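The values are calculated or read from the model by the stated rules, or taken from the named source; none is laboratory data. The shown structure was predicted, so the numbers you read here are calculated from the model rather than taken from an experiment. Virtual Cβ from ideal backbone geometry, glycine too; neighbours counted across all protein chains shown.
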Amino acid sequence: MGNWLVTGGAGYIGAHVVEALARNGESVVVLDDLSTGRAERVGDAELVVGSILDEDLVRRTLRAHPVQGIVHIAAKKQVGESVAEPLKYYEQNVVGTIRLLSAAAAEGVQAFVFSSSAATYGTPPTDLVTEDIPSQPMSPYGASKVMGEWAARDVAQATGMRAVALRYFNVAGSYAPELGDPGVFNLIPLAFQALTAGEAPLIFGDDYPTPDGTCVRDYVHVADVAEAHVAALQQLADGSDLPPFRVFNIGRGRGSSVREVLDVVADVTGNDTAPVVVDRRPGDPPSYAAVVDRINKELGWTARFELRDMVESAWAAWQHGPGTV
Ligand SMILES: NC(=O)c1ccc[n+]([C@@H]2O[C@H](COP(=O)([O-])OP(=O)(O)OC[C@H]3O[C@@H](n4cnc5c(N)ncnc54)[C@H](O)[C@@H]3O)[C@@H](O)[C@H]2O)c1
């Protein structure tokens, strides 16, 4: 296909996208400010250290490396932090995306793939979430992703660029032990952290209207997420009569409950310390999963890995060293 600029390619998901593109014979340049990423994660790809907020740097990078498209993954992603520091999220995620789009449009970039999130839906009005459900984000983080989508959509409509937003659900696992998620924010790493500290994993509420009373989410393997990017880029590189802007859910299309995940964690780690049930967290929707028919039909992508694959690979990465490569 060709050459691509990947922002945030030194992060958890970005490094997997870079790895998948390299494995498919693509040439990649990474732009990352290393605020949460690590240089070692980009492999053989060229790394430009700097921020998407630096429009001059982005333009110089695009002139030095003419690309078919940009995969825009760089962002701040902690929901709680975004509530405490909303302007940080609006600056990094919204202004950052606008500067990047401005540089991309000025340099004639034709394709743009944007890392969006199920957080754009907020509390979905239904358990099975299609892309057509209106965006009602519940946090500045989710709002910043909606605004990023809108900016990409409108620039695409105005310039002839082709843009795609990929709304990831709960990303987990690792393609290789050295590519694990260094952040401990999600259920699986939080459970590993508790168990390795000799503590019980926590369940926030077991009285939800779900089969076992615990919240249900759609977990998707990061290697599958990376392949979805490859599929989107292949189509963008080949297709000329594509709509300016499309949105795709990235999930497995079915949910797993917190208790189900923790059962698999106990099995994989060999540590069956019983989880402790504590109060619900405010604002946690009981149950939702992605409807993934659109990406299946239009890009031929479907998730291949199961929950156990995610937990096993995440555990291998955790043992390799949390926060290390
Ligand atoms: N991890 C998930 O479950 C999940 C779910 C939905 C969406 N997302 C989205 O996926 C993307 C990647 O998430 P992740 O889990 O890999 O996070 P991450 O923190 O591991 O990666 C983010 C990367 O972006 C870089 N970065 C941040 N701000 C930058 C800036 N201004 N300029 C240049 N680089 C910058 C960081 O250094 C890091 O390498 C984010 O856009 C996030 O919102 C993640």
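Before moving on, here are some points about what is shown:
- Condition broken by residue 122, with the remaining ones in (1) over 30 Å from residue 209 (Cα atoms); (2) without any contact (Cβ under 8 Å) to a residue 24 or more places away in the chain satisfied: (1)
- The residue that is surrounded by the most Cβ atoms within 10 Å (Cβ to Cβ), counting only those in the range 136-186 that are among the charged types (D, E, K, R) and in the same structural domain as residue 243 (by TED's automatic domain parsing), is 145.
- Pick from the range 78-111, criterion among the acidic types (Asp, Glu) and in contact with a Lys or Arg (Cβ under 8 Å, 6 or more places away or on another chain), ranking: nearest to residue 66 (Cα to Cα): 107
- Residues of the range 136-175 that are among the charged types (D, E, K, R) and in contact with a strand residue (DSSP E or B) (Cβ under 6 Å, 6 or more places away or on another chain): 145, 149, 153, 162, 167.
- Each residue in the range 157-174 was checked for being more than 17 Å from the chain's Cα centre (by Cα) and either within 16 Å of the ligand (Cβ to nearest atom) or on the phi > 0 side of the Ramachandran plot (or both), and 1 pass.
- Looking across the range 97-108 at every residue that is surrounded by fewer than 24 Cβ atoms within 10 Å (Cβ to Cβ) and touching a residue at least 40 places away in the same chain (Cβ under 8 Å), the one that is nearest to the ligand (Cβ to nearest atom) is identified as 99.
- Evaluation of residue 192 against (1) more than 15 Å from the ligand (Cβ to nearest atom); (2) within 30 Å of residue 68 (Cα to Cα) (one fails), failing number: (2)
- If you go through the range 134-171 and pick out every residue that is over 26 Å from residue 306 (Cβ atoms) and part of a loop (DSSP other than H, G, I, E, B), you end up with 8.
Rundown of residues vs (1) assigned by TED's automatic domain parsing to the domain that holds residue 226; (2) touching a helix residue (DSSP H, G or I) at 6+ places or on another chain (Cβ under 6 Å); (3) of a type in the set (A, V, I, L, M, F, W, C); (4) without any contact (Cβ under 8 Å) to a residue 40 or more places away in the chain, yes/no style:
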{"position": "239", "(1), (2), (3), (4)": "yes, no, no, no"}
{"position": "244", "(1), (2), (3), (4)": "yes, yes, no, no"}
{"position": "268", "(1), (2), (3), (4)": "no, yes, yes, no"}
{"position": "278", "(1), (2), (3), (4)": "no, no, yes, no"}
{"position": "285", "(1), (2), (3), (4)": "no, no, no, no"}
{"position": "294", "(1), (2), (3), (4)": "no, no, no, no"}
{"position": "297", "(1), (2), (3), (4)": "no, no, no, yes"}
{"position": "310", "(1), (2), (3), (4)": "no, no, yes, no"}
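- Leading residue by the ranking (nearest to the ligand (Cβ to nearest atom)) among those in the range 14-38 that are β-branched (Val, Ile, Thr) and over 20 Å from residue 101 (Cβ atoms): 36
- Filter result for residue 61 (under 24 Å from residue 242 (Cα atoms), within 14 Å of the ligand (Cβ to nearest atom) and crowded, with 19+ Cβ neighbours inside 10 Å): no
- Residue match in the range 66-73 (condition: among the aliphatic types (A, V, I, L, M), crowded, with 24+ Cβ neighbours inside 10 Å, closer than 24 Å to residue 313 by Cα and outside the structural domain of residue 182 (by TED's automatic domain parsing)): yes
- Checked against the criteria, residue 36 does not count as crowded, with 17+ Cβ neighbours inside 10 Å, under 17 Å from residue 66 (Cα atoms), within 15 Å of the chain's Cα centre (by Cα) and modelled with pLDDT of 95 or more.
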